[in-house]
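Below: one structure, written as structure tokens.
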Amino acid sequence: MTPSPRHVPLDRLAHVPWPEIKDSTGCAAAIPFLLTAVARGDADTAGSALGQLRRRICQYGFVVGQATAATVPFLWELVRLPQVTCRVEILHLLKSIAAARQWETTAAAYPKLLRRRDNYVEWEREARHAVRAERGTLRHLLDEPDREIVRASRELAATLTD
């Protein structure tokens, strides 16, 4: 029997056209570097990188943008890796993304927003959908020995049932 190839974390990063999409700062080209720092960094490095990533894809904790949906699958991938030091914080970020309704709420009051070239409302919906698409991961996280991961997983699961 041939051994199966070992999965390399974040191996699909190159499949996303990061320079062609936007985050809250403009070009999203830095997102792969931040995700890699979260994956491979010590606690301080990973925490700092996740903080920067949060500001880029879920600004203020509730404003998502174009790059958010593309980033979410990688966040799910990172939260499954026991060596990642900030898994609880990643779950909190996923919860914030899943709860984001800023653009949708604004568009309800100002429908002109829906006619803009940048489709903020659709980006928000895509981001929420991306979080929900991998919610099955939560079943495994609820079995973790780390109580903080279990608590954060339950909070995210509750947000996803809304």
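The values are calculated or read from the model by the stated rules, or taken from the named source; none is laboratory data. Since we're looking at a predicted model, the values are computed, not measured. Reconstructed Cβ throughout: ideal geometry from the backbone, glycine too, with neighbour counts over all protein chains shown. Ligands, DNA and RNA are excluded from the accessible area calculation, which covers all protein heavy atoms including side chains. Shrake-Rupley method; radii C 1.70, N 1.55, O 1.52, S 1.80 Å.
Restricting Ala108, Ala133, Ala67 to residues that are of a type in the set (Gly, Ala, Ser) and open to solvent by less than 20 Å² (accessible area, probe 1.4 Å) narrows the list to Ala67. Taking the numbered list (1) over 15 Å from the mean Cα position of the chain (by Cα); (2) more than 17 Å from Ala130 (Cα to Cα); (3) in contact (Cβ under 8 Å) with a residue 40 or more places away in the chain in turn, Ser48 passes all entries but (3). It is to be established whether one or more residues within segment 70-78 are crowded, with 20+ Cβ neighbours inside 10 Å, aliphatic (A, V, I, L, M), at pLDDT 95 or above and closer than 18 Å to Thr25 by Cα. Yes - at least one qualifying residue is present in segment 70-78.
Consider Ser24 against the criteria (1) surrounded by 20 or more Cβ atoms within 10 Å (Cβ to Cβ); (2) touching a Lys or Arg at 6+ places or on another chain (Cβ under 6 Å): it satisfies all of them except one. Which criterion is unmet? Condition (1) is where Ser24 drops out.
Selection within segment 116-130: residues that are without any contact (Cβ under 8 Å) to a residue 12 or more places away in the chain and surrounded by 13 or more Cβ atoms within 10 Å (Cβ to Cβ). The member of this set that is nearest to Cys86 (Cα to Cα) is Glu122.
Leu81 meets all of the listed conditions (1) surrounded by fewer than 21 Cβ atoms within 10 Å (Cβ to Cβ); (2) part of a helix (DSSP H, G or I); (3) out of contact with any strand residue (DSSP E or B) (no Cβ under 9 Å at 6 or more places or on another chain) but one, namely (2).
Residues of segment 85-99 include at least one that is open to solvent by 10 Å² or more (accessible area, probe 1.4 Å), more than 12 Å from the chain's Cα centre (by Cα) and not hydrophobic (A, V, I, L, M, F, W, C).
Counting only helices (runs of 4 or more DSSP H) that fall entirely inside segment 86-162 and contain at least 3 residues that are farther than 12 Å from Val64 by Cα and out of contact with any helix residue (DSSP H, G or I) (no Cβ under 7 Å at 6 or more places or on another chain), the qualifying elements are 102-109, 147-160.
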